[in-house]
Amino acid sequence: VAEPEIAIHTLVPEDRCIVLASDGVWDQVTNEEAVRIAMSCYQDDAPQSAAIALCKEARRRWERGLKTAGGESTGNIDDITSVIGFLRAPAQAAQADVSASGAEISNGDARAAEEGASRTGHAS
């Protein structure tokens, strides 16, 4: 039975993204690397691109680690799924925006789990 890691973090104005991912990502990519990959798409407001890039990087690392000296595959790749949300708060903090999207890699193909979702809500 899988044991999820759960963390509670109170958001502060400096927070810019949320990265949720399966262990197939976290086994290959550090927290810092995941944030760097996510933030590379922040200016373009492209969380889907960030999620795909994160999954592709994890897959690339899995594949590199599973090769024999002759280049043959030696095993399976764990599930690779990520969801990235970008956080944006207007200067007035009266309204908050969240853009989120996810991706997964299966059988070597990157696929968007969603076309992307954008939600706007008022801060209380």
Report the accessible area of Arg60, computed with a 1.4 Å probe over the heavy atoms of all protein chains in place, in Å² rounded to the nearest 10. 110 Å²
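Largest first, what is the accessible-area ranking of Glu5, Glu33 with a 1.4 Å probe? Please report the intermediate quantities before stating the final value.
Details: Glu5 180, Glu33 50 Å².
Most to least solvent-accessible, the answer reads Glu5, Glu33.
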Got a sec to turn the phi values of region 27-34 into Karplus ³J(HN,Hα) couplings, 6.51 cos²θ - 1.76 cosθ + 1.60 with θ = phi - 60°, whole Hz, x for Gly and Pro? 5, 10, 10, 6, 4, 4, 5, 5
Would any residue of region 20-52 have its amide N under 19 Å from a label point 7 Å out along Cα→Cβ of Asp79? List them or say none. 20-29, 51-52
Non-local amide H neighbours of Cys17 (under 5 Å, H modeled in plane, Pro and chain starts lacking H): which ones? Leu87
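The values are calculated or read from the model by the stated rules, or taken from the named source; none is laboratory data. Keep in mind the model is a prediction, meaning the values are calculated, not measured. As a convention, Cβ positions derive from the backbone with ideal geometry for all residues, glycine included, and neighbour counts pool all protein chains shown. Heads up: the accessible areas ignore ligands, DNA and RNA and are worked out on the full protein's heavy atoms, side chains in. Shrake-Rupley method; radii C 1.70, N 1.55, O 1.52, S 1.80 Å.
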